[in-house]
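I have placed the structure first, in the form of structure tokens, so that the comments after it can refer back to it.
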Amino acid sequence: MKVYRPGSRGKHTLMVAPGVAHPISEFVEGKDRKPKQFNVVFVEGVAEVSENLGRYLLNNDLAKRSPIIVPE
């Protein structure tokens, strides 16, 4: 899934640990279910992530579904 940070230029890294709030198997590791940390790298405002991680980023307003800047 592609997610966007409209207006971003260059390369930016966003570090997230969605397993803290959403302990699903994709977001935790090991028997102790320790939350994984993900480094989402946006290049020219675009990042390719898994569906679950993409939904997390969108739901928490950390990324946008579209590269178009829309005033709110």
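The values are calculated or read from the model by the stated rules, or taken from the named source; none is laboratory data. The model shown is predicted, which means the values in this text are computed figures rather than measured ones. With ideal geometry, Cβ positions are generated from the backbone for all residues, glycine too; neighbour counts draw on all protein chains shown.
Tabulated data for the structure shown
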{"read-out": "Residues of the stretch 50-69 that turn out to be out of contact with any helix residue (DSSP H, G or I) (no Cβ under 9 Å at 6 or more places or on another chain) and surrounded by 15 or more Cβ atoms within 10 Å (Cβ to Cβ), as a count", "value": "4"}
{"read-out": "Val43 being among the β-branched types (Val, Ile, Thr), modelled with pLDDT of 95 or more and either over 18 Å from Pro67 (Cβ atoms) or under 15 Å from the mean Cα position of the chain (by Cα) (or both)", "value": "yes"}
{"read-out": "Answer residue from the stretch 13-27, given it is over 10 Å from the mean Cα position of the chain (by Cα) and small (Gly, Ala, Ser) and is surrounded by the most Cβ atoms within 10 Å (Cβ to Cβ) among those", "value": "Gly19"}
{"read-out": "Residue list for the stretch 14-68, filter: farther than 16 Å from Lys2 by Cβ and either in contact (Cβ under 8 Å) with a residue 60 or more places away in the chain or aliphatic (A, V, I, L, M) (or both)", "value": "Met15, Val16, Ala17, Val20, Ala21, Ile24, Val28"}
{"read-out": "Boolean, Phe42 is surrounded by 14 or more Cβ atoms within 10 Å (Cβ to Cβ) and touching a helix residue (DSSP H, G or I) at 6+ places or on another chain (Cβ under 9 Å)", "value": "no"}
{"read-out": "Strands (runs of 3 or more DSSP E) contained in the stretch 1-64 and holding at least 1 residues touching an Asp or Glu at 6+ places or on another chain (Cβ under 9 Å) and not β-branched (Val, Ile, Thr)", "value": "2-4, 11-16"}
{"read-out": "Hey, Pro35 modelled with pLDDT under 90 and in contact with a strand residue (DSSP E or B) (Cβ under 8 Å, 6 or more places away or on another chain) or not", "value": "no"}
